[in-house]
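**Student:** I'd like to ask you about the structure that follows.
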Amino acid sequence: MIVTGLSLKGFRNYEEAYCEFSDGINIICGKNAQGKTNLLEAVYLLAGARSFRTRTDDDLIGFGKNTALVRGLAQADGRESEIEFLYRRGCRKIITVNGVKKTPSALSGLVRTVLFSPSDLELVRGGAAARRRFMDLAICQLRPRYAAALTEYNKLLAHKTRILRDKDKKPSLLDVLHEFNDGMARAGAAIIFYRSAWCDKLSSSAARIHADISGCGEILTAGYRTVSSVPEPRQMKMGQIYDLLLEHAAQHREAELASGLCLSGPHKDEIELTIDGAEARGFASQGQARTAALSLKLAERDISEQDAGDMPVLLLDDVLSELDDARRDFVLNRITGGQVLITCCQNDGIAELTGGKVLGIHAGRITGGGLTL
Ligand SMILES: Nc1ncnc2c1ncn2[C@@H]1O[C@H](COP(=O)(O)OP(=O)(O)OP(=O)(O)O)[C@@H](O)[C@H]1O
Ligand SMILES: [Mg+2]
């Protein structure tokens, strides 16, 4: 799966630009604030119509403009698709694939991406929510059933939280609590089932990659932890997990009523990370944290490839800063295979080392492999 070309008009700081990507490594090179991350953002949009930087589509439209256009050409399974987004200030965007109007969910399968950006340090440094979001984004791209279960669970969770909050004013709300527990146990069992299978692959793959990048055999572990009454989800069928979750909810009913909170469920799940036995969140150095976050992302790419049969497009934003030379060289060697877009401020021999295609970015203009219109 590759993105072969990209056209931008009025998108962020791009007036009008077009570029072609190679099916291997593409080095997006330019000084600060020239448009490198904006270019990756445009490619990322092709995979699911969502930005990794903003929830507001109007932010994508160039300052002082009213419309923006992003058009990408993608190839997957020997088929070519032209994916286009037309943004109009204050209006809903129009998505078309090969000229036919589509919804965002209809984009699934055309382009898959794995993104590493500086904010991914949160995966290691941040709270459990960052690691849950990582699992969710990755598994949703592979399993539509997981995405449906997650949507259902979050809807029920929000509703149950309101019931627990408002029960004193309206005690009759509690009559339906068991229905919510049942629905959440059903959706929650699916979520736990898929997460535990995915984390199993993640932990072995990320450990291997981290040991390689660190070059000195650092050991990264990534352990999935869910509701305490489901200690070994990997050994269980979905129905067994459902039974345990339902029982757990019954046992904790009084505690939930007393606290007014949904106390347990996959909304509290965690991926526990350690490096050489120490909790990564509190003890990893900057370079170690960056290496661990990158290892998790590269492991996500491997799982996606094994699962779907082809490599997702790898988008690496500012990945090389803070890595020492050995780690940097290893990363550059490790990312071969599949299409990669990597941003950097200085080429610094990256093109020679990787044989990649260099696209220069200056003030929203693309030079080198790109054409400036
Ligand atoms: N909607 C917009 N309209 C016009 N310009 C924008 C818009 N959104 C962002 N920009 C500008 O685009 C410029 C380039 O941003 P971008 O994040 O792509 O830089 P970069 O090349 O990745 O820089 P760095 O190396 O610092 O990460 C910035 O100056 C930013 O303010
Ligand atoms: Mg940037």
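The values are calculated or read from the model by the stated rules, or taken from the named source; none is laboratory data. What you are looking at is a predicted structure, and each value in this text was computed from that prediction instead of being measured. A quick note on method: Cβ atoms are made from the backbone with ideal geometry, for glycine too, and the neighbour counts reach across all protein chains shown.
**Student:** When residue 344 is evaluated against the numbered criteria (1) within 16 Å of ligand 1 (Cβ to nearest atom); (2) surrounded by fewer than 17 Cβ atoms within 10 Å (Cβ to Cβ); (3) touching a residue at least 12 places away in the same chain (Cβ under 8 Å), which criterion, by number, is the only one it fails?
**Tutor:** With (1) within 16 Å of ligand 1 (Cβ to nearest atom); (2) surrounded by fewer than 17 Cβ atoms within 10 Å (Cβ to Cβ); (3) touching a residue at least 12 places away in the same chain (Cβ under 8 Å) applied to residue 344, the lone miss is (2).
**Student:** In the range 257-298, how many residues are buried (at least 18 other Cβ atoms within 10 Å of the Cβ), closer than 18 Å to residue 227 by Cβ and over 19 Å from the mean Cα position of the chain (by Cα)?
**Tutor:** Total satisfying the criteria: 3.
**Student:** Also, I was wondering about something else. Working only within the range 212-233, note down all residues that are surrounded by 11 or more Cβ atoms within 10 Å (Cβ to Cβ) and either closer than 14 Å to residue 192 by Cβ or among the small types (Gly, Ala, Ser) (or both). Steps first, please.
**Tutor:** Narrowing the range 212-233 to residues surrounded by 11 or more Cβ atoms within 10 Å (Cβ to Cβ): 212-215, 218-227, 229-231, 233.
Correct list: 214, 215, 222, 223, 224, 225, 226, 227, 229, 230, 231, 233.
**Student:** Right, something else. Could you tell me which residue of the range 175-194 is nearest to residue 132 (Cα to Cα), considering only residues that are surrounded by fewer than 18 Cβ atoms within 10 Å (Cβ to Cβ) and touching a residue at least 24 places away in the same chain (Cβ under 8 Å)?
**Tutor:** So the first thing to find is which residues in the range 175-194 are surrounded by fewer than 18 Cβ atoms within 10 Å (Cβ to Cβ), and the list is 175-179, 182-183.
Keeping just the survivors that are touching a residue at least 24 places away in the same chain (Cβ under 8 Å) gives 177, 182-183.
Working: 177: 26, 182: 22, 183: 20 Å.
Out of the qualifying residues, it is 183.
Every residue, every condition in (1) at negative phi; (2) surrounded by 20 or more Cβ atoms within 10 Å (Cβ to Cβ); (3) in a strand (DSSP E or B), yes or no:
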site: 23; (1), (2), (3): yes, no, no
site: 40; (1), (2), (3): yes, yes, no
site: 64; (1), (2), (3): no, no, no
site: 70; (1), (2), (3): yes, yes, yes
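**Student:** Looking only at the range 331-341, count how many residues are among the small types (Gly, Ala, Ser) and either within 16 Å of ligand 2 (Cβ to nearest atom) or surrounded by fewer than 16 Cβ atoms within 10 Å (Cβ to Cβ) (or both). Break it down into steps so the answer makes sense when it comes.
**Tutor:** The first filter runs over the range 331-341 and keeps only residues among the small types (Gly, Ala, Ser), leaving 337-338.
With the extra rule that they be either within 16 Å of ligand 2 (Cβ to nearest atom) or surrounded by fewer than 16 Cβ atoms within 10 Å (Cβ to Cβ) (or both), the set shrinks to 337.
Of the residues in that region, 1 qualify.
**Student:** Got a number for residues in the range 21-39 being within 14 Å of residue 313 (Cβ to Cβ) and more than 8 Å from ligand 1 (Cβ to nearest atom)? Give the steps one after another, and end with the answer.
**Tutor:** Taking the range 21-39 as the starting set, the residues that turn out to be within 14 Å of residue 313 (Cβ to Cβ) are 21-26, 28, 39.
If we keep only those that are more than 8 Å from ligand 1 (Cβ to nearest atom) as well, we get 21-26, 28.
Qualifying residue count, the range 21-39: 7.
**Student:** Next up: Examine the range 82-93 for a residue that is out of contact with any Lys or Arg (no Cβ under 6 Å at 6 or more places or on another chain) and either assigned by TED's automatic domain parsing to the domain that holds residue 222 or among the polar types (S, T, N, Q) (or both), and state whether such a residue exists.
**Tutor:** Residues of the range 82-93 that are out of contact with any Lys or Arg (no Cβ under 6 Å at 6 or more places or on another chain), as a first pass: 82-83, 86, 88-93.
Subsequent filtering for residues that are either assigned by TED's automatic domain parsing to the domain that holds residue 222 or among the polar types (S, T, N, Q) (or both) retains none.
No, there is no match, as no residue in the range 82-93 is out of contact with any Lys or Arg (no Cβ under 6 Å at 6 or more places or on another chain) and either assigned by TED's automatic domain parsing to the domain that holds residue 222 or among the polar types (S, T, N, Q) (or both).
**Student:** Do any residues in the range 29-40 that are assigned by TED's automatic domain parsing to the domain that holds residue 366 have Cβ atoms under 7 Å from those of residues that are near ligand 1 (Cβ under 6 Å from one of its atoms) and of a type in the set (Gly, Ala, Ser), where the two are at least six apart or on different chains, and which pairs are they?
**Tutor:** Partner pairs satisfying both residue conditions: 36/30.
**Student:** May I pose another question? Can you tell me which residues in the range 38-67 are touching a strand residue (DSSP E or B) at 6+ places or on another chain (Cβ under 7 Å), farther than 23 Å from residue 2 by Cα and of a type in the set (Gly, Ala, Ser)?
**Tutor:** 62
**Student:** So residue 52 ticks every box in (1) more than 16 Å from ligand 2 (Cβ to nearest atom); (2) at pLDDT below 95; (3) within 19 Å of the chain's Cα centre (by Cα) but one. Which box is left unticked?
**Tutor:** (1)
**Student:** Could you run through the range 85-138 and say how many residues are of a type in the set (Gly, Ala, Ser), at pLDDT below 95 and within 11 Å of the chain's Cα centre (by Cα)? I'd like the intermediate steps shown before the answer.
**Tutor:** Initially, the range 85-138 is screened for residues of a type in the set (Gly, Ala, Ser), giving 90, 99, 105-106, 108-109, 117, 119, 126-130, 138.
Next, only the ones that are at pLDDT below 95 stay: 105-106, 108-109, 117, 119, 138.
If we keep only those that are within 11 Å of the chain's Cα centre (by Cα) as well, we get 117, 138.
Result for the range 85-138: 2.
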